[in-house]
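J.: Supplied in C-alpha cells, the structure appears directly below.
The values are calculated or read from the model by the stated rules, or taken from the named source; none is laboratory data. Computed from a predicted model, the values in this text were never measured in an experiment. Using ideal geometry, Cβ is built from the backbone for each residue, glycine included, and neighbour counts are taken over all protein chains shown.
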C-alpha cells in the first residue's frame, strides 16, 4: 500500500512541479508571469501563489481520499465492509459544508484585500513622480503618447526603470487589452472609455507586451516591446525621438485609423495636444475597419459587398 | 437589389482549397448517406418513426446523434487549430488569419451550443420522463419543434463552411468587432441566426422540462423522492428559462445594430459595447451550469449505481444543486475583471464566484462518501466518473484562481484560461455525457456497449486530455494569450508541440469510440439486455424493458421511496410479479410540425443572412401556416387498447422475473 | 402506521419530511396534473422568460437613456397625452379580454366573439397610436439610428408593439378557431394562454409607461 500511495503522490506532484518549474524556469527570457520585473507583477504573483496554496491544502487530500476510497472499496476487495444503507450522517454533512465554506472565507479575505491593493487604477506609492503615458489601441498597432515629453511611439513603449508609470488607455477601434506579462496587471482598452493602469519596472530590460483581447485578423501581430531603461538613457531616447520622425497631428492620426501592421516601430517628434482625450471622448472618428476593394481576400470578407 | 440579396458565386471559396475540399467531402458524405437511405427504402420508416416522432426517447436519441456529430466537427476544428499553432512559430502556418479566426470561432460555438447542449438535452429527454415514471414530457410536439430548431442552427453553422464564411470574432461575438464596420461579411450573421434559432429551441426545451418535472410526476413522487438527475435537470432548465431570453435579447440587439443601423454597441452615437459584454455573460455564465449540472446528475446516478449504494447525502446534493443554480447568476462579472470596475465590484464578484465552489465541494465529498462502504464495479460509466472526480477538482481549483481578481489580472484571456475551461468542460461535461451514454445506451437500444473498447476510449481520452491541456496552463503562465494565429516567442513552442501530440492521443480515443459502436452493433446479440436492468440500477427507468415500449409504463408506478426500484427489488419478487390492472393508454400522435417548422426556419435564417427578403417573408408565412394547420387538427392523441398494453407488459415482466430470480438481491 | 409502512419508513434513508403529503393531482404525491394545469403552467413559464427578455431591453434602455449623442432627449419627444390614450386603449382591451373569458366560461359563442372583436379593435387602436408616434419621430429624423438613446427607446417600445401585433394575429386565429371548433377542451386551453398573453402585455406596458414615459418626461 505504501508504494501505491507514493506513486499516487508523485503522479500528482510531478506534473504540478513541472508546470510551475518550467514556467518559472525561463525567467529571464520568456514573458512569464511567474518572473515579475516590478512590484505589481510581484503582488499579483503572491496572490496567485497564496490562493493556490490555500486550495491545494484541501484539493490534494480530497483527491487522495477519492482514489483511496475507490481503490479500497472495489468490488473484488473482500476485506472492505459493505455498508449498503449508509447514506446519511449529520456530522459528516456538517463537515462537508463547513470545509469548503471555511476555505472560501479565507480565500474571500485574500480576494477582498488583493482586489483593493492591486486595483489597476490605484496609484503606486513611490517618491518618484510617475511618468504619464497615453495608450491608444489601433487596428492593429499600439500608439503610445508621452504628453509630458511631447513625443509618441508606435509599437514600442520606452520607459525609465524605477519610475512609476501612469497609463491612460483607450481604443480607437475594437476592444483590446493592454498587457505586459512581466510587469503585471492587464486592463482593457475600450472605445469611448479611459482605463487606467499603474505599473513599475524595477530594473532595465526588454519586456514582451501584447494585446490580450482578440481584435481581428491582425491580432497576432499586436505585440510590442516595453523597454525599461536607466533614467539617463530614457532622456536620451526622448531627445532622439524629438529630433526626427513625423508629427502626430489630427491628420496624421486619421492616417493611423486604417487597418495596418507596421513593419517596425517608429516615433513621432511632436504630438498635437489633447489628442488622447479627443479619441477617448469620441470626438475623432473610430478605426475604419476593413475597406472594400482594398487588400484582396485577406481584408475584404467574403459575401460582404 | 438582386433577387438573391448578397448571395453570389463569390460566396463559394473556390480560391481556398481547405474549406472547399472539406465542404465537398461533407457534401459527398451527406449525399452518399441520403442515397443509401433512399435506395434501401428507409425513407418511410425514418419519416414515420423518427423525423415526425414526438416520443421523448426518440427525440433524445436524435439529440445525442446530432451532438456527437457536431462534437466531431468541432474536434476537426481543434485539430486544425493545434496544427496551425504547431507550425506557426515565426511562420504563417497553413491557415491565414481570416480562416483561422473562423475556425476558433466555429470550434467554440459548435462545441458548446451544438455539441454539448444537444448531448445534455438529449440525455435529459431520454431519461427524465422515465425516471419520473411518466409516459412523455409535458409538451411532446413542442419537444420535436425544439429538436428540429436546434438542428436548423447546426445546419446553418455548417452551411457557412461552403457558402460564405463564419464569424471571425470568437465564440461570443464581442462588439465593436462584430459590428458591421469591423465585420462587414456574413460570418457574424451566420452566427447570429444559427444561435438565435437554436436558442429558441433550447428555451422551449427548458419550459417543457420544468413543466414536466414540476407538474407531471408519477403518483407518490414528491420532490424529495425524485432521482438526483431529475433535480439537476430541473435546475438546468430553470437556468435555461432565466438565461436564454438574455441571449435572445442580446443577440437581437446586435442584429439590430448590424441590419438596421441601431446604436446599441457601436462606436458611434453613444453606443456602449461594455453593455454587450455584461449581457452576454449574464447568459454565458449560467450557460456553463446549464451544461454541467445535468452532468453532475449523471455522475451521481452512475457513482451510486456502481457503488451499489444510495447516493450519500441526497438532501445536501439537492441543496447544493439549487445553491449553484442560484449563485451562478451573480458571478458574470468575473469574465471581465480587467474591464476596470474597481476594487469593490471586482472583490464582490470574485467572492461570489468562489462561493460556488462550496456547492461543488459539497458534491465532491458526497460522491466520495457514496463510494465509501460501497462495492465498486469499475465498468465504463464508472471509469468516466472516476476520471471526472480526480480531474474536475483541479479544474475547479484553477477556476477559483481565475476568480481571484489580482491573479486574473495576470491570467485573463490567456492560455491558462483556455486550459481551465477545457479542463472543467471536458472532464465535467464530455466525461459526464459519455458516462451517461454508456450507462443509458442499453436502455435506449436494448444492448450494451462493448466494455473493452469503452475502457480504451476512456483511458486514451484521459491521457489525451492531460497531454493536450496541461501545456496550456504552462503557456498561460508564460504569458501566451489565446487566439494567436502565429507567434514569435520561442519558449512557447515546445509546449505547443506537446499539446499537438496530445491531440493525436485524443484522435486515438475517438477511433476507439467509433470502434466501440461498430463492434457493439455487430455483436448486439451477445450484448443484448433482456432484463431491462443491465447495471443493477436503482431508479425507475430500470423497471422498464430495454428498449422501453412507446408508453414507457403500462401502469404509472406508485412511488413510495426515493430509490423505488431498489426498494421493489429488495422487498420481494412476488410483489413485483403481481400483475396490475391494465387500462388503455392515450399517447400523442406523431406530427411533422417540428420538422416542417424547422424547414421554414432554415429558409428564414438563410434568407436573413443573405438579405433575400422575399424568401424570408415566404418562410415566415410558411411557419405560421404550419402552426395553424397543427392547431386545426382534431385528433391529437391515439389510444393503445388495454390488451395490447397487457401483452407488451407481460412479456417484459416474464423476462424481468427470470432475471431477478437469477440475481441475488444485494 | 401499519407494520409494512413502518418497515418502509425504517428503510427509507431520508425518512423525515414525508408526513402529511398531499395526494391531490399535480401536487407532490398526487401524480400528473390535469392537462389544463400543465398547459397553463407551461405558458406561464414562457411568459416569465419573455419578462426576462423585456428586462434586458429595460436594462439597455436605462444604460443608454442619457446617450443622446446630440440628438433629442426623452423630454423633448415624449407626448404624455398620446401615451395616456394608448394606456387607456390597452387596459380597456384587457378588460374586454377578461369579459371574453367569462363568456367562454358560460359557453356563449356570440358574446365571446363580440368581446374579442372589441379587444382586437382596442389593440389596433393602441398599435396605430404607437405607429403614429414612431412615424412622427421618423419624420423629424429622430429614428432609432439617430442616437443610442433612441435605439434603446425604439427597441423597447417597438418590441412591445411587436408583441401586440403578434397578439392580434393570434387573436384572429383564436376567433377563427372558436368559430370553427367551438368550446372544445384544447381550444379552451389555448384561449386561456391567449388571455394570459394579453394581460402580460399590459404588465409590460405599465412598466414602459412608468419607467420610460413618466420618468423620461421628468428627466
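J.: Has the stretch A:121-133 got at least one residue that is crowded, with 23+ Cβ neighbours inside 10 Å, part of a strand (DSSP E or B) and modelled with pLDDT of 90 or more? Before the answer, list the steps.
T.: Let us first name the residues in the stretch A:121-133 that are crowded, with 23+ Cβ neighbours inside 10 Å, namely A:133.
Retained after the next criterion (residues that are part of a strand (DSSP E or B)): A:133.
In the following step, the residues that additionally are modelled with pLDDT of 90 or more were identified as A:133.
Within the stretch A:121-133, one or more residues are crowded, with 23+ Cβ neighbours inside 10 Å, part of a strand (DSSP E or B) and modelled with pLDDT of 90 or more.
J.: Right, another one. If I filter the stretch A:194-219 down to residues being assigned to a loop (DSSP other than H, G, I, E, B) and closer than 25 Å to residue A:129 by Cα, which single residue comes out as nearest to the other protein chains (Cβ to nearest Cβ)?
T.: Selected residue: A:194.
J.: So, one more: Inspect the stretch B:362-376 for any residue being touching a residue at least 60 places away in the same chain (Cβ under 8 Å), within 17 Å of residue B:420 (Cα to Cα), in a helix (DSSP H, G or I) and more than 7 Å from every other protein chain (Cβ to nearest Cβ) and give the result as yes or no.
T.: Among the residues of the stretch B:362-376, not one is touching a residue at least 60 places away in the same chain (Cβ under 8 Å), within 17 Å of residue B:420 (Cα to Cα), in a helix (DSSP H, G or I) and more than 7 Å from every other protein chain (Cβ to nearest Cβ), which makes the answer no.
J.: Which of (1) within 26 Å of residue B:240 (Cα to Cα); (2) within 7 Å of chain A (Cβ to nearest Cβ); (3) free of Cβ contacts under 8 Å to residues at least 40 places away in the same chain is the odd one out, the single condition residue B:330 does not satisfy?
T.: Single failed check for residue B:330: (2).
J.: For the stretch A:135-156, which residues satisfy the criterion of being surrounded by fewer than 23 Cβ atoms within 10 Å (Cβ to Cβ), outside any strand (DSSP E or B) and more than 18 Å from the chain's Cα centre (by Cα)?
T.: A:147, A:148, A:149, A:150
J.: Can you tell me which residue among B:449, B:462, B:475, B:417 is outside any helix (DSSP H, G or I), more than 8 Å from every other protein chain (Cβ to nearest Cβ) and either in contact with a helix residue (DSSP H, G or I) (Cβ under 6 Å, 6 or more places away or on another chain) or at pLDDT 90 or above (or both)?
T.: B:449
J.: Just give me the residues in the stretch C:55-77 being touching a helix residue (DSSP H, G or I) at 6+ places or on another chain (Cβ under 6 Å), facing chain B (nearest Cβ under 8 Å) and part of a helix (DSSP H, G or I), in sequence order.
T.: Once the filter is applied, which keeps residues that are touching a helix residue (DSSP H, G or I) at 6+ places or on another chain (Cβ under 6 Å), facing chain B (nearest Cβ under 8 Å) and part of a helix (DSSP H, G or I), the stretch C:55-77 yields C:56, C:57, C:60, C:63, C:64.
J.: Here is a further query. Of all residues in the stretch A:78-98, how many are facing chain B (nearest Cβ under 9 Å) and out of contact with any strand residue (DSSP E or B) (no Cβ under 9 Å at 6 or more places or on another chain)?
T.: 14
J.: Now a separate question. Across the stretch B:209-223, which residue is farthest from the other protein chains (Cβ to nearest Cβ) among those that are in a helix (DSSP H, G or I) and more than 16 Å from the chain's Cα centre (by Cα)?
T.: Looking at the filtered set, the residue picked out is B:213.
J.: Taking the stated definitions as given, is residue A:161 in contact with a strand residue (DSSP E or B) (Cβ under 9 Å, 6 or more places away or on another chain), farther than 24 Å from residue A:35 by Cα and surrounded by fewer than 23 Cβ atoms within 10 Å (Cβ to Cβ)?
T.: The answer is no for residue A:161.
J.: Of these, B:345, B:318, which one is free of Cβ contacts under 8 Å to residues at least 24 places away in the same chain and surrounded by fewer than 22 Cβ atoms within 10 Å (Cβ to Cβ)?
T.: B:345
This table checks each residue for (1) surrounded by fewer than 23 Cβ atoms within 10 Å (Cβ to Cβ); (2) within 8 Å of chain C (Cβ to nearest Cβ).
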| residue | (1), (2) |
| --- | --- |
| B:250 | no, yes |
| B:263 | no, yes |
| B:278 | yes, no |
| B:298 | no, no |
| B:308 | yes, no |
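J.: Which of (1) more than 30 Å from residue C:67 (Cβ to Cβ); (2) without any contact (Cβ under 8 Å) to a residue 12 or more places away in the chain is the odd one out, the single condition residue A:224 does not satisfy?
T.: Looking at each condition in turn, residue A:224 falls short on (2).
J.: Tally the residues that are buried (at least 24 other Cβ atoms within 10 Å of the Cβ) and either modelled with pLDDT under 90 or at the interface with chain A (Cβ under 7 Å from one of its Cβ atoms) (or both), restricting the search to the stretch B:180-194.
T.: 5
J.: Let me ask you something else. From the set of residues in the stretch A:28-48 that are part of a loop (DSSP other than H, G, I, E, B) and closer than 18 Å to residue B:404 by Cβ, which is farthest from the other protein chains (Cβ to nearest Cβ)?
T.: Of everything passing the filter in the stretch A:28-48, A:36 is farthest from the other protein chains (Cβ to nearest Cβ).
J.: Here is a follow-up. State whether the residues of the stretch B:359-375 include one that is over 30 Å from residue B:451 (Cβ atoms) and touching a strand residue (DSSP E or B) at 6+ places or on another chain (Cβ under 7 Å).
T.: no
To keep it simple, each residue is scored yes or no on (1) within 12 Å of chain B (Cβ to nearest Cβ); (2) touching a strand residue (DSSP E or B) at 6+ places or on another chain (Cβ under 7 Å); (3) crowded, with 18+ Cβ neighbours inside 10 Å.
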{"residue": "C:141", "(1), (2), (3)": "no, no, no"}
{"residue": "C:156", "(1), (2), (3)": "yes, no, yes"}
{"residue": "C:167", "(1), (2), (3)": "no, no, yes"}
{"residue": "C:183", "(1), (2), (3)": "no, no, no"}
{"residue": "C:201", "(1), (2), (3)": "no, no, yes"}
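J.: Considering each of B:36, B:50 in turn, give the residue that is buried (at least 17 other Cβ atoms within 10 Å of the Cβ), at pLDDT 90 or above and part of a helix (DSSP H, G or I).
T.: Just a single option satisfies the conditions, and that option is B:50.
J.: Is the stretch C:144-152 home to any residue that is in a helix (DSSP H, G or I), more than 9 Å from chain B (Cβ to nearest Cβ) and either under 30 Å from residue C:70 (Cα atoms) or more than 16 Å from the chain's Cα centre (by Cα) (or both)?
T.: Here is the first cut: in the stretch C:144-152, the ones in a helix (DSSP H, G or I) are C:148-152.
Add one more test, that the residue is more than 9 Å from chain B (Cβ to nearest Cβ), and what stays is none.
Looking for residues that are in a helix (DSSP H, G or I), more than 9 Å from chain B (Cβ to nearest Cβ) and either under 30 Å from residue C:70 (Cα atoms) or more than 16 Å from the chain's Cα centre (by Cα) (or both), one finds none in the stretch C:144-152, hence no.
J.: Output the residues belonging to the stretch B:479-517 that are within 10 Å of chain A (Cβ to nearest Cβ) and without any contact (Cβ under 8 Å) to a residue 40 or more places away in the chain.
T.: If the condition is that a residue be within 10 Å of chain A (Cβ to nearest Cβ) and without any contact (Cβ under 8 Å) to a residue 40 or more places away in the chain, then B:489, B:491, B:494, B:495 are the ones that fit.
J.: Those residues that are modelled with pLDDT under 70 and out of contact with any helix residue (DSSP H, G or I) (no Cβ under 8 Å at 6 or more places or on another chain), I need them from the stretch B:564-607; list them, please.
T.: Matches in the stretch B:564-607: B:571, B:572, B:574.
J.: Quickly run through the stretch A:107-139 and pick out the residues that are more than 10 Å from every other protein chain (Cβ to nearest Cβ) and either over 22 Å from residue A:164 (Cα atoms) or in contact (Cβ under 8 Å) with a residue 40 or more places away in the chain (or both).
T.: The first filter runs over the stretch A:107-139 and keeps only residues more than 10 Å from every other protein chain (Cβ to nearest Cβ), leaving A:123-138.
A:123, A:124, A:126, A:130, A:134, A:135, A:136, A:137, A:138, listed by residue number.
J.: More than 21 Å from residue A:202 (Cα to Cα), surrounded by 22 or more Cβ atoms within 10 Å (Cβ to Cβ) and more than 20 Å from the chain's Cα centre (by Cα) - does that describe any residue in the stretch A:77-85? Steps first, please.
T.: Of the residues in the stretch A:77-85, the ones more than 21 Å from residue A:202 (Cα to Cα) are A:77-85.
Those left that are additionally surrounded by 22 or more Cβ atoms within 10 Å (Cβ to Cβ): none.
The answer is no, given that none of the residues of the stretch A:77-85 is more than 21 Å from residue A:202 (Cα to Cα), surrounded by 22 or more Cβ atoms within 10 Å (Cβ to Cβ) and more than 20 Å from the chain's Cα centre (by Cα).
J.: Moving on to the next point. Do we have any residue at all in the stretch B:146-157 that's under 20 Å from residue A:216 (Cβ atoms), touching a residue at least 40 places away in the same chain (Cβ under 8 Å) and touching a helix residue (DSSP H, G or I) at 6+ places or on another chain (Cβ under 6 Å)? Steps first, please.
T.: Narrowing the stretch B:146-157 to residues under 20 Å from residue A:216 (Cβ atoms): none.
No, the conditions are met nowhere in the stretch B:146-157.
J.: Within the stretch B:224-243, count every residue that is over 17 Å from residue B:125 (Cβ atoms) and within 7 Å of chain C (Cβ to nearest Cβ).
T.: Summing the residues that are over 17 Å from residue B:125 (Cβ atoms) and within 7 Å of chain C (Cβ to nearest Cβ) in the stretch B:224-243 gives 2.
Matching residues to (1) within 14 Å of chain B (Cβ to nearest Cβ); (2) in a helix (DSSP H, G or I); (3) modelled with pLDDT under 80; (4) over 23 Å from residue A:219 (Cα atoms):
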{"position": "A:273", "(1), (2), (3), (4)": "no, no, no, yes"}
{"position": "A:276", "(1), (2), (3), (4)": "no, yes, no, no"}
{"position": "A:282", "(1), (2), (3), (4)": "yes, no, no, no"}
{"position": "A:304", "(1), (2), (3), (4)": "yes, no, yes, no"}
